[in-house]
Amino acid sequence: MQLPREVLVGRGTLELVGETCKKLGFSRTAFVVSGEKTQKIAGSRVIDLLEQEGVKVGHLLVTSPTLWNVRAVETKIRRKKPQLVLGIGGGAKIDIAKLSAARCGIPYFSIPTTASHDGIASPLASIKGLGKPFSVMAQSPMAIIADTDVIMKSSQRLIASGCGDVVAKLTAVRDWKLAHKVKGEYYGAYAASLALMSARLVLENAGSIKPNDEEGLRVLLEALISCGVAMAIAGSSRPGSGAEHLFSHTLDAVSPNCALHGEQCGVGTIMMAYLYGLDWKRIRDKLKILGAPTTAKELGVKPDAVVQALVKAREARPERYTILQEKTLDENSARKVAEATEVI
Ligand SMILES: [Zn+2]
């Protein structure tokens with residue numbers, strides 16, 4: 001298990017970045033990976049704070065989470081040989097920092113500027129160009145610095161998406177249990193409980209998870225971090241990603257660039273919960289309270305795209321046993337599931 005050493009969640013925690021680096025022994029050199037926007041939101045401040053501590057800092061602005069960008073950062077890291085890489089952003093920047101640092105054998109810090117998915121704490125990276133629609137193992141962050149003053153300013157949509165990614169654990173853990181029963185796959189009760197508890201806490205606090213509500217956002221951040229840690233404990237994405245994620249990955253291919261990862265996972269969870277005979281209506285109603293999409297229309301995709309994604313999802317990752325292998329859906333039955341759950 002590779003777990004974070006320091007997790008700082010709260011107001012003004014960004015100011016502690018220099019201190020945290022020193023405490024963990026990174027006092028000479030560091031490399032910052034951020035985006036154009038996130039550089040303004042937090043990147044420049046982080047560089048200032050590190051330089052004040054006498055750390056020599058290099059940095060690179062990146063865009064989308066592609067293998068090309070991972071390689072660009074890797075080249076810089078190999079040239080500059082920093083002690084530490086810091087990923088600053090919503091998701092893409094953190095994933096690029098995470099994977100490029102892992103490929104160079106260097107630790108990394110995760111400094112999220114939004115709370116839109118669990119990649120801020122998990123050891124997995126979602127990168128385009130690796131020939132896989134799903135996340136790959138990279139490394140856990142050595143530290144996570146989640147400043148709620150920064151994250152409070154992010155949009156309701158990003159926050160609702162983060163909630164969708166946490167709620168997804170309700171069916172992901174079911175799939176994991178199913179794979180254990182049917183295929184004898186390793187199942188870790190501790191990791192599973194941690195992921196489930198996070199999902200339950202987000203559902204219970206649905207009314208208060210919104211921008212400018214520090215307490216509510218803290219619940220979401222702690223849930224996302226716990227889900228990331230659950231995956232680190234399990235040594236795989238199993239506690240965090242099941243059929244609802246396969247649906248989301250497939251929808252990305254069927255109808256690209258329409259909705260956010262967590263938004264799609266939330267809708268996937270409603271339908272997978274239906275297949276499992278769980279209380280899907282409660283999940284849907286809570287997602288509504290959170291302001292997350294619950295229908296194809298709200299996702300901005302055509303009803304047919306949802307049906308296609310449901311039918312093809314099991315092929316996205318054939319070795320991953322889920323409810324979609326148990327209840328093989330054809331076009332007719334997939335449409336019935338989407339209609340019964342009022343997704344289409
Ligand atoms: Zn996810």
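Observations on the structure shown:
- Hey, Pro239 closer than 27 Å to Leu130 by Cβ and free of Cβ contacts under 8 Å to residues at least 12 places away in the same chain or not: no
- The set of residues in the stretch 321-344 being in contact with an Asp or Glu (Cβ under 8 Å, 6 or more places away or on another chain) and either within 17 Å of Ser248 (Cβ to Cβ) or surrounded by 22 or more Cβ atoms within 10 Å (Cβ to Cβ) (or both) consists of Thr322, Ile323.
- Any hit, the stretch 152-163, residues being β-branched (Val, Ile, Thr) and surrounded by fewer than 22 Cβ atoms within 10 Å (Cβ to Cβ): no
- Looking across the stretch 27-48, the residues that are of a type outside the set (S, T, N, Q) and more than 17 Å from Lys98 (Cα to Cα) come down to Arg28, Glu36, Lys37, Lys40, Ile41, Ala42, Arg45, Val46, Ile47, Asp48.
- Some residue of the stretch 150-157 being under 30 Å from Trp280 (Cβ atoms) and of a type in the set (A, V, I, L, M, F, W, C): yes
- Test for Arg28: is it without any contact (Cβ under 8 Å) to a residue 12 or more places away in the chain, farther than 30 Å from Glu215 by Cβ, open to solvent by 60 Å² or more (accessible area, probe 1.4 Å) and not acidic (Asp, Glu): no
- With a requirement of 1 or more residues that are within 16 Å of the ligand (Cβ to nearest atom), of a type in the set (A, V, I, L, M) and without any contact (Cβ under 8 Å) to a residue 60 or more places away in the chain, the helices (runs of 4 or more DSSP H) lying completely within the stretch 55-164 that satisfy it span 92-104.
- Out of Ser198, Ser226, one residue alone is modelled with pLDDT of 95 or more, touching a Ser or Thr at 6+ places or on another chain (Cβ under 6 Å) and either open to solvent by less than 10 Å² (accessible area, probe 1.4 Å) or within 13 Å of the ligand (Cβ to nearest atom) (or both). It is Ser198.
The values are calculated or read from the model by the stated rules, or taken from the named source; none is laboratory data. Note that this is a predicted model, so its numbers are computed, not measured. Neighbour counts run over all protein chains shown; Cβ positions are idealised from the backbone, glycine included. We work out accessible area using only protein heavy atoms, side chains counted, and drop any ligands, DNA or RNA first. Shrake-Rupley method; radii C 1.70, N 1.55, O 1.52, S 1.80 Å.
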